[in-house]
1. Simple spin-label model, 7 Å along Cα-to-Cβ: A:ASP136 to A:SER48 in nm?
2. Non-local amide H neighbours of A:ASP339 (under 5 Å, H modeled in plane, Pro and chain starts lacking H): which ones?
3. Anything over 30 Å Cα to Cα? Flag those among A:LYS337/B:LYS437; B:LYS184/B:LYS337; A:LYS184/A:LYS417; B:LYS184/B:LYS417; A:LYS184/B:LYS437; A:LYS184/A:LYS337, in the order listed.
4. Sorting check: for B:392-405, B:240-253, which peptide has the highest mean count of neighbouring beta carbons within 10 Å, and how do the rest follow?
5. Give me the angle, in degrees from 0 to 90, between the Cα long axis of helix A:391-402 and the longest principal axis of the Cα atoms of chain A, rounded to the nearest 10.
6. Over 45 Å, how big is the tail of the calculated P(r) for the protein assembly as shown, in percent of all Cα pairs?
7. Of A:TRP368, A:LEU347, A:VAL400, which is farthest towards the positive pole of the range A:330-410's charge dipole, taken about the Cα centre with +1 and -1 on the beta-carbons of Lys, Arg and Asp, Glu respectively?
8. According to the Cα gyration tensor, what semi-axes, each the square root of 5 times an eigenvalue, does the equivalent ellipsoid of the range B:299-344 have, listed from largest to smallest in whole Å?
Protein chains: 2
Amino acid sequence: MADDLLAALAEVVGATHVLTDEGTTLPFRTDWTGRWTGECRAVVRPGSTAEAAAVVRACAAAGVPVVPQGGNTGLVAGSVPAVGSVVVSTRRLDAVGEVDDSTGQITAGAGATLAAVQAAAAAAGWRYAVDLAARDTATVGGTIATNAGGHHVVRHGMTRRHVVGVEAVLPDGSVISHLGGLVKDNTGYDLAGLLCGSEGTLGVITAARLALVPAVEQRAVALVGFTGTAAAVAAIGPLRRRLPALEALELVFADGVAAVGEARGARPPFDGAAALLLVEVAGSGDLLEGLAPVLADLDGVVDTAVATDGPRCEELWRWRDDHTDVINQVGDTPPHKLDVTVPLDRLGRFVEEVRALVADLAPAARLWLFGHAGDGNLHVNVTGLAPDDETVDRAVVELVAGSGGSISAEHGIGRAKRPWLHLNRTPEEIAAFRSIKDALDPAGILNPGVLVPERR
Amino acid sequence: MADDLLAALAEVVGATHVLTDEGTTLPFRTDWTGRWTGECRAVVRPGSTAEAAAVVRACAAAGVPVVPQGGNTGLVAGSVPAVGSVVVSTRRLDAVGEVDDSTGQITAGAGATLAAVQAAAAAAGWRYAVDLAARDTATVGGTIATNAGGHHVVRHGMTRRHVVGVEAVLPDGSVISHLGGLVKDNTGYDLAGLLCGSEGTLGVITAARLALVPAVEQRAVALVGFTGTAAAVAAIGPLRRRLPALEALELVFADGVAAVGEARGARPPFDGAAALLLVEVAGSGDLLEGLAPVLADLDGVVDTAVATDGPRCEELWRWRDDHTDVINQVGDTPPHKLDVTVPLDRLGRFVEEVRALVADLAPAARLWLFGHAGDGNLHVNVTGLAPDDETVDRAVVELVAGSGGSISAEHGIGRAKRPWLHLNRTPEEIAAFRSIKDALDPAGILNPGVLVPERR
Ligand SMILES: Cc1cc2nc3c(=O)[nH]c(=O)nc-3n(C[C@H](O)[C@H](O)[C@H](O)COP(=O)(O)OP(=O)(O)OC[C@H]3O[C@@H](n4cnc5c(N)ncnc54)[C@H](O)[C@@H]3O)c2cc1C
Ligand SMILES: Cc1cc2nc3c(=O)[nH]c(=O)nc-3n(C[C@H](O)[C@H](O)[C@H](O)COP(=O)(O)OP(=O)(O)OC[C@H]3O[C@@H](n4cnc5c(N)ncnc54)[C@H](O)[C@@H]3O)c2cc1C
């Protein structure tokens, strides 16, 4: 049976694109943090939508689960295969079309990296507003499947807002395609929006029509150090209100900045700040003229570093962007990663509470906090925990839910948070998810074990 | 059976809120244009979400279809009841909450009018960016159920973009509620987005959390007359590109403007224009300073009228907004109304082609064209046709589909366009719609006959 399937898959994509060797498949079976490793029958790399559809049909016929995978940078183990499944890697579907200048749209294959789309947009005087630190590896399909957030949500919204239409293989192997690019098109249910955030459980996305925004003429970045968390959090509201050109508003803390500095052998622009906000504004004209008085009005500021030229902006950004990489190197075991939203008016209190909680439950562990604070979004990372011990994780998500927050701001539910979905979603909502899943995937072929809990 | 149901409904909402008299129910059974009239067992007016849920449960238990209805201003007969159904009118669910100033959000009952939400937002220094001429009657629930567009899509997008969360009664009578207002919240499928545009076929929306935009400090409106269609359409691209503050870009023609003038006993600001664009910009500072040079660069301009104070802006807007009302009064039979998107680069040609088509097929009829041209969205109205003769309608939607356009830009599919959905959507897509519908509404209780075609 298994051999029949592998032969059928090789027939579809060519034998070189069916990987079965344990060593070769390892990078496709292990998540980016190294915390999760799965088992699979094969990794298959289709080279076209038709091949992807034939792969899904072959797997469905054999009753073998399909795990869609893009860049494998997801942080909730959603692309880590379950035993016996076939990983469908979209990386060969990496065509990036021309920018349509009249609409500001572009069509890209699901396997194109975020960086490739950003580059194509930039070359045509436009910009793809979805951006995150994994941009060189994360794919169009993966960012859509997770409804990725990233740095510019505070101004431009999550990935869903930028998706005009998708092409996808449904679990029965049929292909839906709606890439015409019409922005006003109320002809039926929003399938593209539904696939967005479905984490590979409803369809294999093969291509997407994406909306671009005009290129940024200039930008300015400020790293602002505060005496404490309360002062940093208190600054978020005024910054959002007073800076219409606000493109990013990120929060980091002294310990994270120190760790990044150590890893890079670099010194932070200033010392003595307990909490720091990275503020980016973008637009035209003299951006500093608008930014300076707003920064001057903030309370509890220790020091500020400002940049307006590209390389210096990047330099300041690295104090934020390198967090994920650096934390991944701390200690002998992979970090436990949680990504949560807390209502802005609870954020300061939450930081204190989560610190106390981790100190109490795991005195030897280290807590790292950083994130897209402008959206109330914090990444809660804990290093020094046993990989399988989820006591701290559970306590944190319960604290989040109790604070009126979301246990997954942007990373999704995946396998990692599936047991906790009920903390945010009622039985009625989960039943609705399950109904939709069962309707589109009655045989449970696509990414079983991810996102949607079993029917009770 | 029927009497049992009516008694049960009266038990839930009180006898005064179960309307059965033919005369009393007539306005709920007839659509805004007067073209469609349906039959129903009763109109029921729940006063709370719990009552709405109990009404749906009672109808489901009796196997009686439920037709959700808000302001009944929809233009595709989606709220016109099928024989034997119960209309659930949401108009009593009209509570409008306080604006949350830290997030710029508001919670409103499904029965609140657009105007009521706009007023509450304005009173708090914010703005609800969804706006359309039916604002005094159209409801929050109806605009969400149709994913309404309106005047400001060119800048702010359709209704879906403004919906942060919804509360709804599902077809099984269960209630889902996600009104916490977190913008970053990737915890499961996008139920709110799916209900948006579902036209009452998946759930009865009872309330919504809506995102507001900052209030507009100032606005300027220009009515620009062109020598012909080609010149007006050619101006759309440059206006969109060069006016970042563009809030609305509407197209009308000489005959429509003349009809509005006649109905109002008013003279248009100037004569001699074959096609006119209404341009609105909003922001702060001297808006005319930005607008004037852009207008001056346009080709084929006959004359321009500009306004910056509120009443004069409204005055110019009426030359566009009054079209729907005025056309509704023309002739003895209701207009046939189609609402379509055509790719911008095909729009000029489409105007010529649709004129030739209607002149050819129905020489005695009159064609009225107007719409949100900035989005490629045209309303195609035809007066003087027999109510049931759809020869012209069919030819127009076929022309639209053949031009790469959408047969429903913003009004939805409803009953009116359901036979033509296949012109825009493949069998695979329609099968996916049907699967979703059957999953959430296996008994087919909610708005049967609307939007989703039967399984073949
Ligand atoms: C350094 C770093 C920084 C990050 N920063 C952010 C951030 O700021 N914001 C944020 O939101 N996320 C962030 N992430 C996580 C984020 O989810 C991923 O970067 C990205 O969205 C996943 O894309 P991918 O192609 O790697 O998908 P994968 O990891 O391959 O897959 C992720 C999920 O999507 C599914 N999937 C993938 N491709 C498809 C497809 N074609 N069709 C259907 N399903 C598919 C998978 O089954 C899986 O469930 C970060 C990750 C890293 C490592
Ligand atoms: C003068 C005029 C101008 C218009 N201009 C525009 C425009 O610019 N842009 C635009 O997009 N539309 C426009 N429309 C049409 C538009 O669809 C409606 O104005 C509006 O969106 C419908 O709201 P309503 O409350 O009247 O809904 P209804 O007409 O009552 O219902 C419309 C559909 O939504 C469903 N529905 C209603 N309430 C609920 C609920 N609570 N839960 C679930 N389903 C529900 C109904 O079953 C039906 O299918 C216009 C209409 C008129 C008369």
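1. 3.2
2. A:VAL380, A:ALA409
3. Over 30 Å apart, Cα to Cα: A:LYS337/B:LYS437; B:LYS184/B:LYS337; A:LYS184/A:LYS417; B:LYS184/B:LYS417; A:LYS184/A:LYS337.
4. B:240-253, B:392-405
5. Once rounded, the angle reads 70 degrees.
6. Value for the protein assembly as shown (Cα pairs over 45 Å): 29 percent.
7. Positive-end residue among those listed: A:LEU347.
8. Taking √(5λ) for each eigenvalue gives 26, 18, 11 Å, largest first.
The values are calculated or read from the model by the stated rules, or taken from the named source; none is laboratory data. Here the structure is a predicted model, which means the values were calculated and not measured. Don't worry about glycine lacking a Cβ; one is built from the backbone with ideal geometry, like all the others, and counts go over all protein chains shown. We work out accessible area using only protein heavy atoms, side chains counted, and drop any ligands, DNA or RNA first. Shrake-Rupley method; radii C 1.70, N 1.55, O 1.52, S 1.80 Å.
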